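Chemist: Let me give you the structure first, and then I'll get to my questions.
The values are calculated or read from the model by the stated rules, or taken from the named source; none is laboratory data. This one's a predicted model, so the numbers in the text were calculated from it and none came from an experiment. Ideal geometry is used to build each Cβ from the backbone, glycine not excepted, and the neighbour counts take in all protein chains shown.
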Amino acid sequence: MLAGHAGTGASRSTSRAADFAVPCGQPRVQFNAHRVFAPQDVIDTFAHEGLELEHLAGVTDDRHFHQSIAKDLLEKQGYGCGFFLSDGLGEGCKVQISIVIPTYNRLRCVFDAIDSALVWAQALGDCEVIVVDDASTDDTLAQLRSRYADELARSYLKVVALPCNQGVTGAKNAGAMAASGHWIVFLDSDDLLIPTAAGPVAATLRAYKDMAIIMFRCVDQASGALLGSAQAQDILVDRETYLGDWPYGECLPVLRRDAFVASPYDADLRGFEGLAYLRLLARHGPMLVSPVEARRYETRGDDRLSAPKVFLPERDCWPAAMPVFCARTGVAFARPGWYARY
C-alpha cells in the first residue's frame, strides 16, 4: 500500500493538489486487467501536471506499515492498493467544516478525539481540525505539538494556545474565531466522531446550507445506545419547542460560523451553551435535528466543566439566576440543566 502527498509547495489555501489511489508494487498487468504501477511512474505522471511528491509511505508484503518508505523498496513488493494525500484543498476550494476541540487537562483522552476528527478531515477533504488548549497544566500543549508535528506542518491541524484559562465556552469561542470553515463542529475532548458519519453529515450540511444550527445525534460511548428518543427523519425545532421537553438527548452541535460569531457562547458563565442557541433561534429561525448518529458521547467522569469550576449550580441558584439568563436570551423563561463540557 502506498500513501503519498502531491502539491506545488504553495500555501494550503491556494496550492494545487491531488488526491488519488492506485495499486503499487512490481509493475505489471494482472489477469483481471488490473494494472500495478511502479511508484516512480505514478510520480512522473503527476509531475507533468506540475505536482511534486512530498511524502511517501507504504505497506510491504509482510503487511508492515512504513510511515516513510523508499520508492525502490516499494517497487519490489507484490500487489498493493496505494493512495496519495494532497497538501492543499485545491484551487477555488474553501474549507467547509471546521472541527473545534477545546481541551483543559485532558491528556488522557484528547488524542482519541483529535484522531477521530482527523479521520473526518481526511474523508471530506474540505475540513480543518482546530484544538484549543485552555491553558492546560498537564503538558497537553507540548505533547500535542510533538505527536501531531506532521499534521501541524501540513496545516491539517491547527492548535490555539490560550495564555490563561477562559473556561470551556471561552475556549470554544476562541476556536470559532480561528476557524475558516462555513460550518463549525464543536467536539468535546473526551468524545469521538463516528467515522462512517462524515459523509452523511456533509450531505446534510450541503442540503441545509443556510440553516444556523444543525444538531446530529449521539450514542453512548460505552454502550453504543442512542441517547434520547429515536427519530426517522430530519426534524425542525423552533425556540418554543427547544424550551419545552427536549427528547433528543445530547446532540453534536454544528453551527454556521457567520451566525455563531455574531452570537457566541457566554464566556463569562463558563457554560450554559443553550443560551447562545436560543439567541440563534430567535434571529435565524428553527434548528434542524438530523437522525444521523455522528458522535460517541462520553457520559462518565466528573470533569465536564473548566477548572477552576466557576459555574452556576442548577438547583441552588437557578431561581435567582433566571432573570439574568432571560435577559441574555430575550425570552420570558428558560430551562435549567444546561452545562458545558470540554
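Chemist: If we only count strands (runs of 3 or more DSSP E) wholly inside segment 188-278, which ones have 3 or more residues that are in contact with a Ser or Thr (Cβ under 9 Å, 6 or more places away or on another chain), at negative phi and modelled with pLDDT of 90 or more? Don't jump to the end; show me each part of the working.
Modeler: Details: elements: 213-220, 235-237, 251-256.
Filter on segment 188-278 gives 213-220.
Chemist: Go through segment 282-298 and count every residue that is surrounded by fewer than 17 Cβ atoms within 10 Å (Cβ to Cβ) and either in contact with a Pro (Cβ under 6 Å, 6 or more places away or on another chain) or part of a strand (DSSP E or B) (or both).
Modeler: 1
Chemist: Is at least one residue of segment 132-139 of a type in the set (Val, Ile, Thr) and either outside the structural domain of Asp210 (by TED's automatic domain parsing) or free of Cβ contacts under 8 Å to residues at least 40 places away in the same chain (or both)?
Modeler: Yes; the residues of segment 132-139 include at least one that is of a type in the set (Val, Ile, Thr) and either outside the structural domain of Asp210 (by TED's automatic domain parsing) or free of Cβ contacts under 8 Å to residues at least 40 places away in the same chain (or both).
Chemist: Which of (1) closer than 18 Å to Val254 by Cβ; (2) outside any helix (DSSP H, G or I); (3) not hydrophobic (A, V, I, L, M, F, W, C) does Ser116 not meet, given it meets every other one?
Modeler: Unmet condition: (2).
Chemist: Still on this model: When you look at Gly92, is it small (Gly, Ala, Ser), modelled with pLDDT under 70, part of a loop (DSSP other than H, G, I, E, B) and not assigned by TED's automatic domain parsing to the domain that holds Pro23, yes or no?
Modeler: Taking the combined requirement at face value, the residue satisfies it.
Chemist: Okay, moving on. Here is a check on your reading of the model: is Asp190 of a type in the set (Asp, Glu), assigned by TED's automatic domain parsing to the domain that holds Gln122, in contact (Cβ under 8 Å) with a residue 12 or more places away in the chain and more than 20 Å from Tyr265 (Cβ to Cβ)?
Modeler: Details: of a type in the set (Asp, Glu): yes; assigned by TED's automatic domain parsing to the domain that holds Gln122: yes; in contact (Cβ under 8 Å) with a residue 12 or more places away in the chain: yes; more than 20 Å from Tyr265 (Cβ to Cβ): no.
So Asp190 fails the test.
Chemist: Follow-up question, since we're still on this one. Tally up the residues in segment 124-148 that are over 22 Å from Ile194 (Cα atoms), not basic (Lys, Arg) and not in a loop (DSSP other than H, G, I, E, B), please.
Modeler: Selection size over segment 124-148: 6.
Chemist: Does segment 149-159 contain at least one residue that is touching an Asp or Glu at 6+ places or on another chain (Cβ under 7 Å), in a helix (DSSP H, G or I) and surrounded by 18 or more Cβ atoms within 10 Å (Cβ to Cβ)?
Modeler: Looking for residues that are touching an Asp or Glu at 6+ places or on another chain (Cβ under 7 Å), in a helix (DSSP H, G or I) and surrounded by 18 or more Cβ atoms within 10 Å (Cβ to Cβ), one finds none in segment 149-159, hence no.
Chemist: Moving to a separate point now. In segment 125-143, which residues are modelled with pLDDT of 90 or more and not β-branched (Val, Ile, Thr)?
Modeler: Applying the first criterion (modelled with pLDDT of 90 or more) to segment 125-143 yields 127-143.
Selection gives Cys127, Glu128, Asp133, Asp134, Ala135, Ser136, Asp138, Asp139, Leu141, Ala142, Gln143.
Chemist: Being assigned to a loop (DSSP other than H, G, I, E, B), on the phi > 0 side of the Ramachandran plot, assigned by TED's automatic domain parsing to the domain that holds Phe272 and touching a Ser or Thr at 6+ places or on another chain (Cβ under 9 Å) is true for just one of Asn105, Asn165. Which residue is that?
Modeler: Exactly one residue qualifies, and that residue is Asn105.
Chemist: Taking segment 228-259 as the search range and keeping residues that are hydrophobic (A, V, I, L, M, F, W, C) and in contact with a Cys (Cβ under 8 Å, 6 or more places away or on another chain), which one is surrounded by the fewest Cβ atoms within 10 Å (Cβ to Cβ)?
Modeler: Cys251
Chemist: Would you point out the residue of segment 172-187, among those that are of a type in the set (Gly, Ala, Ser) and not in a helix (DSSP H, G or I), that is surrounded by the fewest Cβ atoms within 10 Å (Cβ to Cβ)?
Modeler: Applying the filter and picking the extreme gives Ser180.
Chemist: To continue, here is another question. Which of the following residues is outside the structural domain of Ile130 (by TED's automatic domain parsing), at pLDDT below 65, surrounded by fewer than 19 Cβ atoms within 10 Å (Cβ to Cβ) and not acidic (Asp, Glu): Thr14, Thr60?
Modeler: Numbers: Thr60 fails: at pLDDT below 65.
Selected residue: Thr14, the only one of Thr14, Thr60 that is outside the structural domain of Ile130 (by TED's automatic domain parsing), at pLDDT below 65, surrounded by fewer than 19 Cβ atoms within 10 Å (Cβ to Cβ) and not acidic (Asp, Glu).
Chemist: Does Arg145 qualify as being of a type in the set (Lys, Arg) and in contact (Cβ under 8 Å) with a residue 40 or more places away in the chain?
Modeler: No, not satisfied.
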